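Note sheet for the following structure.
The values are calculated or read from the model by the stated rules, or taken from the named source; none is laboratory data. If you're wondering where the values come from, they're calculated on a predicted model, not measured in any experiment. Methodologically, a virtual Cβ is constructed for each residue, glycine included, from the backbone with ideal geometry; neighbour enumeration extends over all protein chains shown.
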Amino acid sequence: MPPQANCALPPGFQLDQYRIERQLSLGGFSIVYLAFDATGTPVAIKEYLPNSLALRQDGETEPQVADENQPAFRHGMKCFFEEGRALAKLMHPNVVRVLNFFRANGTVYMVMQFERGRTLHDYIHRHRGEIRETFIRAVFARMLNGLREVHAHKLLHLDIKPSNVYLRTDGTPVLLDFGASRQTLMSDQPVLKPMYTPGYASPEQYDRRELLGPWSDIYSVGASLYACVTGSAPPRADERLEHDSLAAVSRTHAGQYSPQLLGLVEWCLRLDPLARPQSVYALQKALVQNQAGDTRPSPWFTDLGTRLRSFIGRG
């Protein structure tokens, strides 16, 4: 496994009012740390550090940015800061809580509430081929409550995937790691390499950004539903545009899940943005239908918390 391009801040590093404990994750755009505030409360801190623009070597604090990359780096830092400002206004139990954002070490940091649990990606990996429909409907119905709140604030997530849906220890899902700032960055700075998540990004995220909308996040929700059903991501959307090799789950998984749920997955994964559900409300309404097509929620929907705790406890 090759070493990561940028070195993380070391354990024990004092960052503003927070002490770094360890690196949690690394992406092409940022590094996420576990840290503790002055009261000993754990937090997650996301550091803006795009590999394609900046380099920080071992022992250094500030990233080194070449002169030709400075405009793009500063623009992305501004977008990252504005993303933190926008997300800090969101107060919803199914959306990650942004507590603080600040500038330091020549870059920007976003401080988020630290959540205990595991990702939906981990759950899919451990229960591949045996995830119950009731679990899928319960998790996504609650996650969509959070996405509705995001869209109500005129924001798009643009990076929904199983690894960004976190299942708390009480079973409730929370949306993590918004891709909005890097998407804005890419739109104005063609020097940056695309950082899509293959299989989960909508086709319009590749080269038709003027078509982006709530339906773009809905495609990603559909891809995440597909992963729950099949155990893996669907083919890349840009490749599907050239040659659509996506197998219909209504055929490949008939009998394992209800026709209504499988049809819903295929509806979300339509390549034409206008052929998908146009709002999270429309998708959520379809998701909570019972198998007979009744628009009233099935009985399981009235006690999601207890059921999700039960599913997570067994996993």
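Among the polar types (S, T, N, Q), under 18 Å from the mean Cα position of the chain (by Cα) and either within 17 Å of ILE124 (Cβ to Cβ) or at pLDDT 95 or above (or both): does that describe SER220? So SER220 fits the description; yes. For segment 184-192, the criterion of being touching a helix residue (DSSP H, G or I) at 6+ places or on another chain (Cβ under 6 Å) and at pLDDT 95 or above is satisfied by no residue at all. Every listed requirement among (1) small (Gly, Ala, Ser); (2) more than 19 Å from the chain's Cα centre (by Cα); (3) assigned by TED's automatic domain parsing to the domain that holds ARG103 is met by SER25 save one, (2).
Tell me yes or no: at least one residue of segment 263-279 is surrounded by 19 or more Cβ atoms within 10 Å (Cβ to Cβ) and either at pLDDT below 95 or in contact with a Lys or Arg (Cβ under 7 Å, 6 or more places away or on another chain) (or both). Outline the logic, then answer.
Of segment 263-279, the ones surrounded by 19 or more Cβ atoms within 10 Å (Cβ to Cβ) are 264-265, 268-269, 273, 276-277.
Now restrict to residues that are either at pLDDT below 95 or in contact with a Lys or Arg (Cβ under 7 Å, 6 or more places away or on another chain) (or both): 268, 276.
Within segment 263-279 (the criterion being surrounded by 19 or more Cβ atoms within 10 Å (Cβ to Cβ) and either at pLDDT below 95 or in contact with a Lys or Arg (Cβ under 7 Å, 6 or more places away or on another chain) (or both)), the answer is yes, since at least one residue qualifies.
For residues that are acidic (Asp, Glu) and touching a Cys at 6+ places or on another chain (Cβ under 9 Å), scanning just segment 55-84, find the one that is surrounded by the most Cβ atoms within 10 Å (Cβ to Cβ). This residue is GLU60.
Residue by residue, here is whether (1) within 18 Å of ARG85 (Cα to Cα); (2) aliphatic (A, V, I, L, M); (3) crowded, with 22+ Cβ neighbours inside 10 Å holds:
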position: ARG128; (1), (2), (3): no, no, no
position: ALA138; (1), (2), (3): no, yes, yes
position: ASN145; (1), (2), (3): no, no, no
position: VAL150; (1), (2), (3): yes, yes, yes
position: LYS161; (1), (2), (3): no, no, yes
position: VAL165; (1), (2), (3): no, yes, yes
position: THR169; (1), (2), (3): no, no, no
position: VAL174; (1), (2), (3): no, yes, no
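May I ask you to verify whether LEU87 is crowded, with 20+ Cβ neighbours inside 10 Å, farther than 30 Å from LEU147 by Cα and touching a residue at least 12 places away in the same chain (Cβ under 8 Å)? Taking the combined requirement at face value, the residue does not satisfy it. From the set of residues in segment 232-255 that are touching a residue at least 24 places away in the same chain (Cβ under 8 Å) and among the hydrophobic types (A, V, I, L, M, F, W, C), which is farthest from HIS121 (Cα to Cα)? Across segment 232-255, the extreme among qualifying residues is LEU241.
Cβ-Cβ distances below 9 Å connect the following pairs, each with a first residue in segment 256-277 that is on the phi < 0 side of the Ramachandran plot and free of Cβ contacts under 8 Å to residues at least 60 places away in the same chain, a second residue that is polar (S, T, N, Q) and surrounded by 22 or more Cβ atoms within 10 Å (Cβ to Cβ), and a separation of six or more residues or different chains: CYS268/SER220.
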